[in-house]
Amino acid sequence: MKKIIRGQIFYFINDPTLYTNPDDFMRYYEDGGLVISDGYIVDIGTYEEMQSKYIQASYDDYSGMLIMPGFIDTHIHYPQTPIIGSYGKQLLDWLNEYTYPVEEMFSSPKYAKGASKDFIKELFKNGTTSCAAFSTEHKTSVNALFKVASDFNMRIITGKVLMNRNAPAALEDTVKEAYAESKELIETWHKKGRNLYAITPRFAITCSMSELKVAGLLHKEYPDTYIQTHLAENKDEIKQTMDLFPDCTDYLNVYEKAGIVTDSSIFAHGIYLSDSELDRIKCAGSFISHCPTSNLFLGSGLFNMQRVNNKRVTTTIATDVGAGTSFSMLQTLNEAYKIQQLNRYVMNTFESFYKITLGAARALKLENKIGSFSLGNEADFIVIDYVAQYIQKIRMEYLKSCDKWDVENMLFGLQIMGDSRNIKATYVMGRKIDLTD
Ligand code: GUN
Ligand code: ZN
């Protein structure tokens, strides 16, 4: 049974930073029809065309609203949902004071299940349909998140956190357990339904070289898994890392020695990287998840997007909740824009939205599944009321009155002022999620 989703349809077909002509990087239908069937995108065009082509189809009418691919958050910690907005301290103290205590709760399957539900619903409320999430070191936490995501048929990436030192005993594993438990979870969940596994060494400080090497070894055994970790987020973190690994030439070299700098590696933050480190990340085909609200909240620093762009290193933009202060990718783009303003780089609106849709899908090698409305892709999309807030309506009317209202300005208004109030519906694999639940 086919369904036509009617509305103002927008999506990317290419990286907007590489083209000047919008036809080369985006598609926009003022009155469009997105045709879905059995959870997949089967056709797209003007509403008129689609209506006459699929006479039998049912339809959901969102005329006057924007239809976009669901947002993709490439770095977030699901167990940290309750500690969002925890006052004070920079990274290392914040981890000890707030993060590790809440993560200890995830040894309980019941707690992990409830937290997984809250987390996923919060993502959907904010228009995020896929994410790469950290769980905790407990298998229970990974099982709970994959199970709840499977119930929603959501495409999710997660994995057990590997830590064997410099953390509370309750959160540490051994090298043997790190290997055996990750392997068991990969066998259970990876590529089952829409689930994908990320081997997840937390960061260099909490992992011995043997622990990090387990991650490298597992990735060799399962080359289509991801690796996710943190890199060069905070100056004290970098100093401590270099003290712990005196034989390594720089932070990235720690990960290189462990074999975890690969074309499937997601490095969160990467604020303080040398030219050489950026070149080596580029060469390996890894990418950086820039987390603006987190970097501001923890006072970590101002990520230099232009410099990283010039090095042709792929970046995406992510929330990093609970150091990040919002589940909303729109609010996250807002802070990304402001950080780059301070760096004297005026980030283009299309570049911003690309990085949370097609750009993120490409970085994750999932562009033939999510991130755009290419035919055959999975039907994860959102409906955005871009004037849900009265002030957005005033802004639109003003811009219209001076002939400056266009797609770019519509998106920019969402980037700067948008949040969950603008998300009117979220569809996952073609199914509308009940956001009131
Ligand atoms: N580095 C290691 N662990 C974490 C974490 O949980 N959050 C952030 N922001 N940085 C980290
Ligand atoms: Zn993080």
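Computed from the coordinates by the stated procedures, all read-outs in this text should not be read as laboratory data. As the structure is a prediction and not an experimental result, all values here were calculated from the model. Cβ: placed from backbone, ideal geometry, glycine included. Neighbour counts: every protein chain shown.
For region 184-232 and region 257-327, write down the distance between their C-alpha centroids in whole Å.
Cα centroid of region 184-232 versus Cα centroid of region 257-327: 18 Å apart.
Using Cα-only point scatterers and the Debye equation, what is log10 of I(q)/I(0) for region 212-284 at each q in 0.12, 0.16 Å⁻¹, rounded to two decimals?
Evaluating at q = 0.12, 0.16 Å⁻¹ gives log10 I(q)/I(0) of -0.30, -0.54.
What fraction of the DSSP beta bridges in the chain is antiparallel, stated in percent and rounded to the nearest 5?
Numbers: 27 of 61 bridges.
Roughly 45 percent of the DSSP beta bridges within the chain come out antiparallel.
Can you give me the long-range amide H partners of ALA268? Hydrogens built in the peptide plane at 1.01 Å from N, cutoff under 5 Å, separation of 5 or more residues or another chain.
Hits under the 5 Å cutoff: THR229, HIS230, LEU231, SER289.
Rank the residues THR332, THR17 as a footprinting-exposure proxy: fewest other Cβ atoms within 10 Å of their Cβ go first.
Ranked by crowding around the Cβ, least crowded first: THR17, THR332.
Classify region 72-212: rounded, prolate or oblate, from the alpha-carbon gyration tensor (a ≥ b ≥ c, eigenvalue square roots; a/c under 1.5 rounded; otherwise prolate if a/b is larger than b/c)? Walk me through the intermediate numbers first.
Values: a/c = 1.77, a/b = 1.16, b/c = 1.53.
Note, shape of region 72-212 comes out oblate.
About its Cα centre, what dipole magnitude does the chain give when the only charges are +1 on Lys and Arg Cβ and -1 on Asp and Glu Cβ, stated in debye to the nearest 20? Show your work: numbers first, answer last.
Working: 46 positive and 54 negative charges, 69 e Å.
Approximately 340 debye in magnitude.
Using the Kirkwood radius over C-alpha pairs as Rh, can you work out the diffusion coefficient of region 124-275 via Stokes-Einstein at 25 °C, viscosity 0.890 mPa s, in µm² per second? Write down the numbers at each step before the final one.
Working: Rh = 15.7 Å.
My calculation gives 156 µm²/s for D.
Taking the radius of gyration and the Kirkwood hydrodynamic radius from Cα positions alone, what is the Rg/Rh ratio for the chain, to two decimal places? Intermediate results must be reported in sequence, preceding the final value.
Numbers: Rg = 21.2 Å, Rh = 21.9 Å.
Ratio of gyration radius to Kirkwood radius for the chain: 0.97.
Rounded to whole Å, give me the distance from the Cα center of region 384-407 to that of region 96-116.
So the separation of the two Cα centres works out to 42 Å.
Sequence-distant or interchain residues sharing an amide H contact under 5 Å with ASP60, placed H: which?
So ASP60 has HN proximity to ILE4, ILE5, ARG6.
Using +1 at the Cβ of each Lys and Arg and -1 at the Cβ of each Asp and Glu in the chain, identify which of SER328, TYR197, PHE350 lies farthest towards the dipole's positive end.
Looking along the dipole axis, the top candidate is TYR197.
Give the order of ARG27, ARG202 when sorted by the count of other beta carbons within 10 angstrom, beginning with the fewest.
Details: ARG27 17, ARG202 25.
By the 10 Å Cβ count, ascending: ARG27, ARG202.
Placing +1 on the Cβ of each Lys and Arg and -1 on the Cβ of each Asp and Glu in region 25-103, which of ILE41, PRO69, TYR87 has its Cα farthest towards the positive end of the resulting dipole?
Positive-end residue among those listed: TYR87.
As an exercise, take the mean of 1/r over every pair of distinct alpha carbons in region 252-354, invert it, and state the Kirkwood radius in angstroms.
Details: mean 1/r = 0.0720 Å⁻¹.
After inverting the pairwise mean of 1/r, the radius is 13.9 Å.
How big is the antiparallel share of DSSP beta bridges in region 214-359, given as a percent to the nearest 5?
Working: 0 of 11 bridges.
If we restrict to bridges inside region 214-359, about 0 percent are antiparallel.
Taking the Cβ of each residue in TRP94, TRP405 as the centre, tally the other Cβ atoms inside 10 Å and list the residues starting with the fewest. Mind dumping the intermediate values first?
Values: TRP94 21, TRP405 16.
The order, fewest Cβ neighbours first, is TRP405, TRP94.
With a ≥ b ≥ c the root eigenvalues of the C-alpha gyration tensor of region 16-153, is it rounded (a/c under 1.5), prolate (a/b larger than b/c) or oblate? The partial results should precede the final answer.
Working: a/c = 3.35, a/b = 1.99, b/c = 1.68.
Taking the square roots of the gyration eigenvalues as a ≥ b ≥ c, region 16-153 is prolate.
Name the long-range amide H neighbours of VAL161: under 5 Å, sequence gap of 5 or more, or other chain; modelled H, no Pro or chain starts.
HN-HN under 5 Å from VAL161: SER135, THR136, GLU137, HIS138.
Give the whole-number value, in cubic angstrom per residue, of the convex hull volume spanned by the C-alpha atoms of region 165-217. Each step should come with its number before you reach the end.
On the way: hull volume 4.4 nm³, N = 53.
Expressed per residue, the convex hull around the Cα atoms of region 165-217 is 83 Å³.
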